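Asks: My structure is below; once you've seen it, I'll send some questions.
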Amino acid sequence: LQEKKIFMVQGPYPTIRRLLRARGWVERKPPSVGRWLEQHQLLHSPWPPTEEEKEEEEQCDDNPNGIHDLMSYLVRDRVPNFIWANHLSAVDPQLLEQDHVVNHYARVGAFTTKEGLCLSLQNLPWIEQADPNTFFPRCYRLGTMDEREAFIDDFRLTAARSLLKLALEEAGDRLMGPEQPPSSDKEPGWHSSHVSHPMPSTAGPGSPLYPQLVEEALEVCEQHLGILKHQDIDRGTPFPCRTCIDWDRFLQDYYCVAHEGAGLVLSGAQRERCQDLLQHLAEQLPQFSMEGKLNVWILKPGAESQGRGIVCATQLEEVLRLARGCTAPSVREGKWVVQKYLERLLTIFGTKFDIRQWFVVTDWKPLTVWFCGDCYLRFCSRPFSLHCLERVSVQKWYKMSPDQDPRVPLDRVWSSKQFQAYLAWLGQVDAWHQVIVPGMKAAILNALRSAQDQVGFRKSSFELYGADFLVGEDCQPWLLEINSCPTMSPSSAVTRRLCTNVQRDTLRLVLDRKDNPTCSIGAFELIYKE
């Protein structure tokens with residue numbers, strides 16, 4: 001009591017409980033399930049413990065003589081000095097004193113929900129000299145009229161660029177960007193939603209041809225390039241998407257070429273214009289290197305997590321229809337977001353993966369961020385194919401496909417060290433330390449700075465986050481989302497070790513450093529302090 005070492009844990013966190021007990025802390029246990037609805041406590045969980053939580057609690061029982069239960073009983077009426085909970089909503093802020101430590105901040109939805117992150121990063125250029133398009137796939141809130149119109153313009157322009165790429169491909173060309181490795185779209189590792197792989201070169205003699213389609217796409221992209229280079233400032237040129245062509249007819253023709261194998265007519269002069277124009281667009285558009293030829297977009301409920309409710313689409317009408325037709329609460333509140341899908345991404349043995357990267361914020365004023373040097377990769381359960389879109393974050397619920405490459409681990413998890421070895425095998429030995437890690441750090445810091453003024457700041461709180469990234473063919477990391485309550489339940493030998501370590505090192509950061517500023521903090525490094 002005098003040392004203020006009373007803690008409370010809500011949720012399946014046996015590692016936190018074990019580490020705090022080892023430090024001499026005493027647990028104030030939440031009410032039992034039988035008394036759960038009858039008592040108002042500091043920690044008021046909205047639901048009783050799950051079977052998984054009970055099982056993990058039993059596995060953590062290192063108390064054969066009941067001494068911990070006795071000590072918990074003695075502090076049953078005390079307010080805990082340290083709280084580790086699943087969600088901040090489980091904590092009654094009125095009972096917290098100034099020095100009580102809690103593992104969550106308020107109003108973090110500004111960067112931990114899809115809608116919040118989308119909106120915050122739109123404001124980033126006003127806060128920092130940074131462009132969110134360099135690390136966050138283009139994203140729009142469909143519940144907002146201006147953003148819905150901006151998405152429609154973006155979809156049309158991307159379709160025009162995609163058509164030029166298809167035209168060059170049919171002409172036997174491949175556009176090579178300034179830092180873009182050879183494309184591997186013929187190998188496992190590309191996919192789209194419920195559409196066929198574009199095969200314009202195999203169009204038969206009876207396939208329709210569109211002699212004006214390339215010319216129209218060239219006209220649109222040339223006008224867009226002029227806007228990007230600010231050549232239209234004095235001319236007042238309207239945005240090309242709204243004036244140039246009949247867009248309904250153009251998109252229908254583009255769908256025939258991209259998804260049904262229709263042919264294109266491309267003259268020698270047009271071929272040169274395509275090459276030159278796409279090269280200049282690649283220099284102006286930070287996301288050009290991750291775009292493919294199918295114009296795939298992802299429709300996401302703004303506040304959902306773990307891939308729930310995600311739908312992929314390749315047609316504008318489909319996106320707008322899905323957004324209008326869904327009756328989910330997030331849609332009724334206008335919280336759907338649509339985001340550009342990474343069509344040109346790095347795969348491992350033909351399999352899509354993402355990276356779960358941890359970081360801790362220990363202060364918002366000044367903003368203080370710690371980056372974990374350990375992370376892990378999660379593989380999809382089936383080969384990466386244009387014929388099937390699967391959600392990365394819920395792959396643990398899927399059985400391994402029989403078509404999966406046998407080199408993909410059965411538990412579908414790799415450590416970052418295994419990934420570095422794979423990059424070295426690809427001849428990209430420096431990509432991890434020189435491209436991927438710096439890119440992830442920059443993306444995380446930009447996301448935090450963009451939302452900093454909206455977060456509910458509390459001096460004695462901290463929070464552990466999990467950021468999810470995809471990696472492009474050029475090894476550029478792309479931020480997908482940031483999770484405010486990353487799972488600590490191990491699903492593999494890799495995650496069992498890493499989740500234990502990150503919890504241990506987080507306690508070192510927020511507890512041990514108070515008494516010993518030079519103590520070990522494990523894999524964490526300070527990457528930012530205002």
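The values are calculated or read from the model by the stated rules, or taken from the named source; none is laboratory data. Bear in mind that the values here come from a model prediction, so they are computed numbers and not experimental data. Ideal geometry is used to build each Cβ from the backbone, glycine not excepted, and the neighbour counts take in all protein chains shown. Heavy atoms of the whole protein, side chains included, go into the accessibility calculation; ligands, DNA and RNA do not. Shrake-Rupley method; radii C 1.70, N 1.55, O 1.52, S 1.80 Å.
Asks: For Gly472, enumerate residues with amide H under 5 Å from its amide H, sequence gap 5+ or separate chain, H modeled in the peptide plane.
Replies: Close amide H contacts, sequence-distant or interchain: Leu346, Trp478.
Asks: Arrange the residues Ser89, Ser489 by how much accessible surface each exposes, largest first, with a 1.4 angstrom probe.
Replies: On the way: Ser89 80, Ser489 30 Å².
I get Ser89, Ser489, largest accessible area first.
Asks: Same structure, new question: Report ³J(HN,Hα) in whole Hz for each residue of region 145-151, in order, from the Karplus equation J = 6.51 cos²θ - 1.76 cosθ + 1.60 where θ = phi - 60°; Gly and Pro get x.
Replies: Coupling constants for region 145-151: 4, 4, 6, 5, 5, 5, 5 Hz.
Asks: In debye to the nearest 20, how big a dipole does region 404-530 give about its Cα centre with +1 on each Lys and Arg Cβ and -1 on each Asp and Glu Cβ? Intermediate results must be reported in sequence, preceding the final value.
Replies: On the way: 14 positive and 14 negative charges, 104 e Å.
Its charge dipole is roughly 500 debye.
Asks: Taking amide H atoms as placed 1.01 Å from N in the peptide plane, list the residues 5 or more away in sequence, or in a different chain, whose amide H sits under 5 Å from that of Ala262.
Replies: Here the answer is Val257, since their amide H atoms fall under 5 Å of that of Ala262.
Asks: With θ taken as phi - 60° and the coefficients 6.51, -1.76 and 1.60, list the Karplus ³J(HN,Hα) couplings across region 478-484 in order, rounded to whole Hz; mark glycine and proline as x.
Replies: For region 478-484, the Karplus-derived couplings read 10, 6, 9, 6, 10, 9, 7 Hz, x marking Gly and Pro.
Asks: Once amide H atoms are built 1.01 Å from N in the peptide plane, which residues 5 or more positions from Asp354, or in another chain, come under 5 Å H to H?
Replies: Under 5 Å from the amide H of Asp354: Arg378.
Asks: What are the ³J(HN,Hα) values, in whole Hz, obtained from phi via the Karplus relation 6.51 cos²θ - 1.76 cosθ + 1.60 with θ = phi - 60°, for each residue of region 252-263 in sequence order, with x given for Gly and Pro?
Replies: 4, 5, 4, 4, 4, 6, 6, 10, 10, x, 5, x
Asks: Calculate, in nm to one decimal, what Leu70 and His230 gain on full extension: separation in residues at 0.36 nm each, minus their alpha carbon distance.
Replies: Details: separation 160, 0.36 × 160 = 57.60 nm, distance 7.27 nm.
Length gained, Leu70 through His230: 50.3 nm.
Asks: Taking a threshold of 21 Å on the Cα-Cα distance, which of the pairs Lys300/Lys365; Lys300/Lys417; Lys4/Lys514; Lys4/Lys29; Lys5/Lys459; Lys5/Lys514 fall above it? Each step should come with its number before you reach the end.
Replies: Working: Lys300/Lys365 32 Å; Lys300/Lys417 32 Å; Lys4/Lys514 13 Å; Lys4/Lys29 16 Å; Lys5/Lys459 18 Å; Lys5/Lys514 14 Å.
Beyond 21 Å between Cα atoms: Lys300/Lys365; Lys300/Lys417.
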